[in-house]
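Working notes, structure below.
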Amino acid sequence: MLPDFVDALGDGLYTIDTGFGRPRFDAAYLIVDDGHAAFVDTGTNHAVPRLLQTLAALAIPVHAVDWVIPTHVHLDHAGGAGLLMRSLPRARLAVHPRGERHMVDPSALYAGASVVYGEEQMARDYGVPVGVDPARIATTADGMTLPLGRRPLEFIDTPGHARHHHCIWDERTRTWFTGDTFGLGYPELVNGNGQWVTPTSAPVQFDPEPLKASVSRLLARAPAALCVTHFGRVPDAPHLGPLLHSQIDEMAAIGHRLRHADDRHRRLCDAMRAMYEHRLAEHGFSDVEQMLALLADDVEINAQGLGSWLDRTA
């Protein structure tokens, strides 16, 4: 029997709730094919017991895991990778080349996140990440494939949320594993009009035009589904492209308008909140205030990311 934090998606795909933040907020994915397995994203150190428990529940031995694949090296996606690798004797880490050094030595990544979140929250929510032996790391390139049993996994470079971001294509199920490139699709943000998604500009490498191009590349495959880290499988993705593109444009316009504003961060937060309020109502949510409460942390984090982008492009 699968633990209650695991959802079987079929065709050898599993969603694992890592327990980070709140229930069904942060996902890792397990792909299984012909006696071989790979994790896509890992969550934080605190998620590692859940990932290993999932293997045990599926009777998959640890030596059957070939790959650990962070979509990018932000700690809610890759913070547990080093610790997980210690329990997977044959696994290699497949990481974007811009993220490799952070997987070998995550100290700078941890220090940078500590500036954003504070030491107390970092210890509580993340734990201190562990480095990966460089000999166990493979860097990816745009268009390359890696074998998983009889199942090829294809990688494409998807900058915009972060320059160290790649997405993974599973041709078997016509599914993209999108990390944060296709934004946030929380389970609570679904109503009779379907899933609502929104971009994430978390610090510090948000870049609107590359992000729009990356989203377009994903949708050009006409995927059957997207597996987003925050959170879960999003079906019927193509119709969400205009929603995501228009919000990226609106976020950029907000940034340009407030670039030189007094008390800029507060005003960016106010503008992000107003954007969400309008967009959620437009999607048909009747409980907009409840949805805004759900997105409160995203307002703060996205405003920080917009500020970083404005400072970098000054």
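With r as the distance between the Cβ atoms of HIS278 and ARG217 and R0 = 25 Å, compute the FRET efficiency 1/(1 + (r/R0)^6) and round to 0.05.
Working: r = 28 Å, r/R0 = 1.12.
Result of the calculation: an efficiency of 0.35.
Largest GNM mean-square fluctuation among ALA237, ALA56, ALA27, using the chain with Cα springs under 10 Å: ALA56. For region 272-299, the residues whose amide N sits under 16 Å from a probe point set 7 Å from the Cα of ARG257 along the beta carbon direction are 272-280.
Scalar couplings 3J(HN,Hα) for region 46-55, obtained by applying the Karplus form with A = 6.51, B = -1.76, C = 1.60 to θ = phi - 60°, are 5, 7, 4, x, 5, 5, 5, 5, 5, 4 Hz; x denotes Gly and Pro. Near MET85, once Lys and Arg are set to +1 and Asp and Glu to -1 for all other residues with Cβ below 15 Å from its Cβ, the sum equals -1.
About the Cα centre of region 67-110, what is the dipole size in debye to 20, counting +1 per Lys and Arg Cβ and -1 per Asp and Glu Cβ, all else neutral? Mind dumping the intermediate values first?
On the way: 5 positive and 3 negative charges, 37 e Å.
That gives a dipole near 180 debye.
When only the Cβ of Lys, Arg, Asp and Glu is charged (+1, +1, -1, -1), the dipole of the chain relative to its Cα centre reaches about 640 debye. Taking 7 Å steps out from each Cα toward its Cβ at ALA296 and VAL190 produces label points 2.5 nm apart. Phi angles across region 305-312 convert, under the Karplus curve 6.51 cos²θ - 1.76 cosθ + 1.60 with θ = phi - 60°, into 3J(HN,Hα) values of x, 5, x, 4, 4, 5, 5, 6 Hz, Gly and Pro given as x. Here mean projected area of the Cα convex hull in nm² was calculated from the structure, and among (1) 20.2; (2) 22.1; (3) 15.1 it sits at label (3). Exposure check, 1.4 Å probe, all protein chains in place: THR139 carries approximately 60 Å² of accessible surface.
Tell me the relative contact order for the chain as a rounded percent, counting alpha carbon contacts under 8 Å between residues six or more apart.
Values: 634 pairs, mean separation 43.0, N = 314.
After rounding, I find 14 percent.
Using a probe of 1.4 Å, the accessible surface attributed to LEU84 totals some 0 Å² when neighbouring protein chains are kept in position.
Using a Förster distance of 35 angstrom, determine the FRET efficiency expected from the C-beta separation of GLU209 and ALA57, and round it to 0.05.
0.20
Backbone amide hydrogens, once placed in the peptide plane, bring THR198 within less than 5 Å of LEU184, excluding anything fewer than 5 places away on its chain. A cut-off of 5 Å between modelled amide H atoms, ignoring neighbours fewer than 5 places along the same chain, links ALA138 with LEU93, ALA94, VAL95.
The values are calculated or read from the model by the stated rules, or taken from the named source; none is laboratory data. Computed from a predicted model, the values in this text were never measured in an experiment. Virtual Cβ from ideal backbone geometry, glycine too; neighbours counted across all protein chains shown. Heavy atoms of the whole protein, side chains included, go into the accessibility calculation; ligands, DNA and RNA do not. Shrake-Rupley method; radii C 1.70, N 1.55, O 1.52, S 1.80 Å.
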